[in-house]
1. Out of the range 119-169, which residues are surrounded by fewer than 19 Cβ atoms within 10 Å (Cβ to Cβ) and either among the polar types (S, T, N, Q) or not in a helix (DSSP H, G or I) (or both)?
2. So which of Ile121, Ile140, Ile179, Ile161 is touching an Asp or Glu at 6+ places or on another chain (Cβ under 7 Å), touching a residue at least 12 places away in the same chain (Cβ under 8 Å) and over 19 Å from Val249 (Cα atoms)?
3. Inside the range 413-449, can you point out the residues that are within 21 Å of Leu371 (Cβ to Cβ) and without any contact (Cβ under 8 Å) to a residue 60 or more places away in the chain?
4. Mind checking which helices (runs of 4 or more DSSP H) fall wholly inside the range 407-506 and carry at least 3 residues that are modelled with pLDDT of 90 or more and at negative phi?
5. If Leu372 satisfies all but one of (1) under 26 Å from Leu38 (Cα atoms); (2) part of a helix (DSSP H, G or I); (3) modelled with pLDDT under 90; (4) not β-branched (Val, Ile, Thr), what's the number of the condition it fails?
6. Might you let me know whether the range 452-463 holds any residue that is surrounded by 16 or more Cβ atoms within 10 Å (Cβ to Cβ) and closer than 17 Å to Ile285 by Cα?
7. Which pairs do you get when a residue that is closer than 16 Å to Ser176 by Cα, found in the range 209-236, comes within reach of a residue that is in a loop (DSSP other than H, G, I, E, B) and not β-branched (Val, Ile, Thr), reach meaning Cβ atoms under 7 angstrom, with the pair 6+ apart or on two chains?
Amino acid sequence: MGYNLFRGTSKLKNTLDNQQVIKSASKMSLATLISRILGYVRDALLTAMLNPTAKDAFLVAFRLPNMFRRLLGEGSLSVSFIPVFVDHLSRPEDQVKAKNLSASIFTLLMIVSSILSVLGILFMEQLLGEVLSGKGYQQIPGKMDMTVLLARIMFFYLFLITSYAYLMAILNALKSFFIPALAPALFNFVFILALLTPAEWSDGLEQNVAWGVLIGGAVQVLVVSYALVKKGFFPGISFVFNSPSVKKVLFNMIPGMLGLGILQLMSLFNIYFASRLHEGSHTYIYLADRILELPQSLIAVSLGVALLPTLSEKWAQGKRLEMIEMGQSHLKLLLFLSLPSAVGMFVLAKPIVEVLFMRGEFSEVDVQQTLLVVQLYSFLLIASSVVKVIAPSFYAIKNTWVPALISALCLLLHVVVANQWTYYFGLQGLVGSTVLSGFVNAFLLYVFYQKFIGKLSLIQLIKDLWPLVISISFMAFTITKSYLLISNGLHALISPSWARGLALGASMALGGTVYFYVCSLMRVKESQAIISLFKRKLKIK
């Protein structure tokens, strides 16, 4: 009886923790949605207003500081810092240690990011000369010079975005998700203002936008800094780098930096491979990335970020079985959401790209190239969703070596395959190699999870999710037919662009409704839980 009582209490506690993670992820998703809407406006203006050469040059230049952000700020440092920081926070007597740790790591990060920013600005021409050596890029007059100039203007964004990402990690560890997720919306707003600034105010619109990136980055840092000051956790300056906690974070960072460094090397290789191809290839990949990021950030990233602190607590408290149970349930939840999103992306790729970007300088040819990338990326959404649940479990147990080694293997695979596939299949070959590497990454993480943490039952997962095949089939039929019927019916009444937009929105709403309805009929627990949540929010009995 005592065992049953304990087991019942444990299940109740795990359920409450699951609900807290979902609640935190929901808040983060709301803020992320606001940011993505403004991000769409930003990208729509960018693609419509800049010519193809300026678009490629700006997007390549903008990508460089963001690569270092993932390496230093929100990547290996965050996942190594949060578990140690949370350990201290969980013990009242260690609150001072937690603050000292955050201050020491913050100081070290500022030193490193400052040095990298200066070096990047000084040696940008040499760096880009190697990365963009493909004939497709080099043969266009003035394109390389424009890219170097924009990259030099924007590279100090590395310092700003790295600071923001680290401060965001502290807020996430304190279970504060909404404000740090909302800060990028302000960045996008500043970006939009820069795009709308008259080109005559500088030497070109692309330079206006480059300076807007720096101002927007500063605004992001100020927002999260204010939130941390209010909580009393804004990190000060500390040069104490030899404490056990700091050493533990830095030691755990080494494999994480290796793994994420490998991923950033993959991005550099992709820039190089794309420089072999025709003009616009960098733009097509960027826009497909942005389309992928919306469902990915609303579903996988939000859940993964909200999951890490809770998993870290479970492991620190020795609740291994609860941790595994939480991983299994959230993997199922994430696939429940990501599978229909992936199918919807594939089926509606053409109208999505047309509605979002086909205006101004963005032509029908650009639409066709981008939609092919979007369709391939729809498969990547599934793989990345699995990774966003399994990878935080390794970080929670402070094992960052396994994800790093797996990333190294995936990079090697990608370089070999992409080099061949780009030659034979062009842009689709490059993107296809990225998708293949993503699935290999997810599979290997799953295999090693069984060894280092516990058993995630693949058979049980398949049994739980097989009804989704039927639900997704009904959804795909609904969105395909409804889009054609609605768009054809509206073409006679309104302009083609408005007809496409309204038809896309209506078909997505209908498809989502059908998916949840069929899942509910088939007693899929995730569907019933989400519907109940919405009813409670709307106070529907």
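1. Within the range 119-169, Phe123, Gln126, Ser133, Gly134, Gln138, Gln139, Ile140, Pro141, Gly142 meet the criteria.
2. Within the list Ile121, Ile140, Ile179, Ile161, the selection yields Ile140.
3. Listed by number, the residues that qualify are Trp421, Tyr424, Phe425, Gln428, Gly429, Gly432, Ser433, Val435, Leu436, Gly438.
4. Passing ranges, in order: 427-452, 467-491.
5. Failing condition for Leu372: (3).
6. no
7. Here the result reads Ser225/Phe234; Ala227/Ser176; Leu228/Phe234; Lys231/Leu174; Phe233/Leu174, each pair linking the range 209-236 to a residue that is in a loop (DSSP other than H, G, I, E, B) and not β-branched (Val, Ile, Thr).
Per-residue answers, yes or no, for (1) touching a Gly at 6+ places or on another chain (Cβ under 7 Å); (2) modelled with pLDDT of 85 or more; (3) not in a helix (DSSP H, G or I):
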position: Leu260; (1), (2), (3): yes, no, no
position: Leu277; (1), (2), (3): yes, yes, yes
position: Thr283; (1), (2), (3): no, yes, no
position: Tyr286; (1), (2), (3): no, yes, no
position: Leu303; (1), (2), (3): no, no, no
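The values are calculated or read from the model by the stated rules, or taken from the named source; none is laboratory data. The structure presented is a predicted model; accordingly, all values stated were derived computationally and were not measured. Note that we place each Cβ from the backbone using ideal geometry, even for glycine, and neighbour counts take in every protein chain shown.
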